[in-house]
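Enquirer: Here's a structure for you.
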Amino acid sequence: MAAITMKNIVKKYGDGFPAVNDVSIDVADGEFMILVGPSGCGKSTLLRMVVGLEDITSGDMMIGDKRVNDLAPRDRNLAMVFQNYALYPHLTVYENIAFPLRLAGAKDDEIDQKVREASKTLELDEHLERKPGNLSGGQRQRVAMGRAIVRDADAFLFDEPLSNLDAKLRGQMRTEIARLQKRLGITTIYVTHDQTEAMTLGDRVAVLKRGVLQQLASPRELYENP
Ligand code: ADP
Ligand code: ADP
């Protein structure tokens with residue numbers, strides 16, 4: 001786990017108005033930070049700069065005390081949890097969770113121990129032999145989180161993970177993500193355009209508008225001082 005610090009981050013595409021304009025946000029170790037704002041406000045661009053999928057025009061991106069501006073995504077030790085979860089449909093839950101460890105060349109004993117530990121925490125231990133197609137949306141989400149946990153990622157990054165779900169499931173998943181984040185204590189940045197998600201999920205909320213940080217406060221402070 002690690003703090004993530006964005007210092008005076010600017011992103012310009014071509015000559016236009018900056019997509020992200022001098023944004024500074026400090027995400028504490030273990031904190032759940034929400035990035036919220038209307039479509040086009042720059043939240044995905046900002047998240048992609050944290051992960052390393054987008055070059056930074058100026059400013060400093062820090063993970064822990066390391067400046068990562070020039071580090072490739074695979075060298076940042078972050079776990080992006082995608083909207084479609086990016087699970088392998090032909091692999092079991094066990095093998096999906098084990099995948100990054102196999103890729104890293106870990107021994108079978110170590111893999112087994114880590115997969116079982118993670119699946120217990122995520123309440124997936126009874127589903128290890130199933131395939132993603134037979135799981136609920138919530139279970140799939142947890143498998144994706146399991147893959148991040150076994151490789152000790154420094155942080156979870158979510159980009160609108162619930163936007164394709166119906167309202168009921170969205171509510172359940174919201175509760176589940178918030179609960180697991182607290183249990184795992186893993187630094188988390190979560191992008192959404194949904195006000196309800198923003199006000200119920202995180203420890204703090206960063207509100208973006210046209211690339212500019214408008215507010216950075218707890219949901220309670222935002223509620224009392226909108
Ligand atoms: P959000 O995630 O809040 O919807 P984005 O970060 O996707 O916003 O986009 C912020 C702004 O940057 C928008 O004006 C968008 O059109 C622009 N933008 C995003 N990606 C690119 C790109 N690859 N090239 C040019 N402009 C882009
Ligand atoms: P989403 O809502 O899922 O973020 P977008 O429509 O914002 O999807 O962006 C989809 C893709 O198109 C992204 O990879 C983004 O970088 C790119 N993109 C967005 N806006 C622009 C733009 N104005 N010019 C070029 N590419 C863009």
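Enquirer: HN-Hα J couplings of the range 93-101 from phi, Karplus 6.51/-1.76/1.60, θ = phi - 60°, integer Hz, Gly and Pro as x?
Expert: Here the 3J(HN,Hα) series is 4, 3, 6, 4, 5, 6, 3, x, 6 Hz.
Enquirer: How much length would be gained if the chain were fully extended between residue 58 and residue 29, taking 0.36 nm per residue of separation minus their Cα-Cα distance, in nm to one decimal?
Expert: Working: separation 29, 0.36 × 29 = 10.44 nm, distance 2.39 nm.
Gain on stretching residue 58 to residue 29: 8.1 nm.
Enquirer: Could you work out the Kirkwood radius for the chain, taking every pair of different alpha carbons, averaging 1/r and inverting it, reported in Å?
Expert: Working: mean 1/r = 0.0553 Å⁻¹.
Averaging 1/r across every pair of different Cα atoms and inverting gives 18.1 Å.
Enquirer: Mark the label point 7 Å from the Cα of residue 65 along Cα→Cβ and return the residues of the range 1-33 whose backbone N is within less than 18 Å of it.
Expert: Residues 1-7, 27-30 qualify, since their backbone N sits under 18 Å from the label point.
Enquirer: How large is log10 of I(q)/I(0) for the range 131-175 at q = 0.24 Å⁻¹ when the intensity is taken from the Debye formula with one equal scatterer per alpha-carbon?
Expert: -0.96
Enquirer: Ok, one more. 5 Å is the cut-off here: which amide hydrogens, built 1.01 Å from N in the peptide plane, fall below it relative to residue 212, excluding neighbours closer than 5 in sequence?
Expert: Amide H neighbours of residue 212, under 5 Å, 5+ apart: 21.
Enquirer: Moving on. With θ set to phi - 60° and the Karplus curve 6.51 cos²θ - 1.76 cosθ + 1.60, what are the ³J(HN,Hα) couplings of the range 180-195 in order, to the nearest whole Hz, using x for Gly and Pro?
Expert: For the range 180-195, the Karplus-derived couplings read 5, 4, 5, 5, 7, x, 9, 3, 9, 10, 10, 9, 8, 9, 8, 4 Hz, x marking Gly and Pro.
Enquirer: ³J(HN,Hα) across the range 107-115 via Karplus (A = 6.51, B = -1.76, C = 1.60, θ = phi - 60°), whole Hz, x for Gly/Pro?
Expert: Ordered by residue, 3J(HN,Hα) equals 6, 4, 4, 5, 4, 4, 5, 5, 5 Hz.
Enquirer: Among 187, 225, 32, pick out the residue whose Cα is farthest towards the positive end of the charge dipole of the chain, where Lys and Arg carry +1 and Asp and Glu carry -1 on C-beta, about the Cα centre.
Expert: 225
Enquirer: Determine which residues of the range 131-158 fall in the zone a paramagnetic label at residue 166 would reach in this model, i.e. backbone nitrogen under 16 Å from the point 7 Å along Cα→Cβ.
Expert: Under 16 Å, as judged by backbone N against the label point of residue 166, lie 136-138 of the range 131-158.
Enquirer: Would you mind calculating the gained length between residue 22 and residue 108 on full extension (0.36 nm times residue separation, minus the Cα-Cα distance), in nm to one decimal? Provide the component values of the computation, followed by the final result.
Expert: Details: separation 86, 0.36 × 86 = 30.96 nm, distance 4.65 nm.
The span from residue 22 to residue 108 would gain 26.3 nm if fully extended.
Enquirer: Determine the distance separating the Cα centre of the range 48-118 from the Cα centre of the range 159-226; give it in Å without decimals.
Expert: First find each Cα centre; the distance between them is then 22 Å.
Enquirer: For residue 120, go through the lysines and keep the ones whose alpha-carbon is under 29 Å away, minus same-chain ones fewer than eight residues off.
Expert: Leaving aside lysines fewer than 8 places away in the same chain, those within reach of residue 120 are 107, 131, 168, 182.
Enquirer: At 0.36 nm per residue, and after removing the present C-alpha to C-alpha distance, how many nm does the segment from residue 116 to residue 183 gain when stretched out fully?
Expert: Numbers: separation 67, 0.36 × 67 = 24.12 nm, distance 1.66 nm.
That pair, residue 116 and residue 183, stretches by 22.5 nm at full extension.
Taken together, the values in this text are just the output of simple stated rules run on the coordinates, not laboratory data. Not measured: the values here are computed from a predicted model. So basically every Cβ, Gly included, is an ideal-geometry build from the backbone, and we count neighbours across all protein chains shown.
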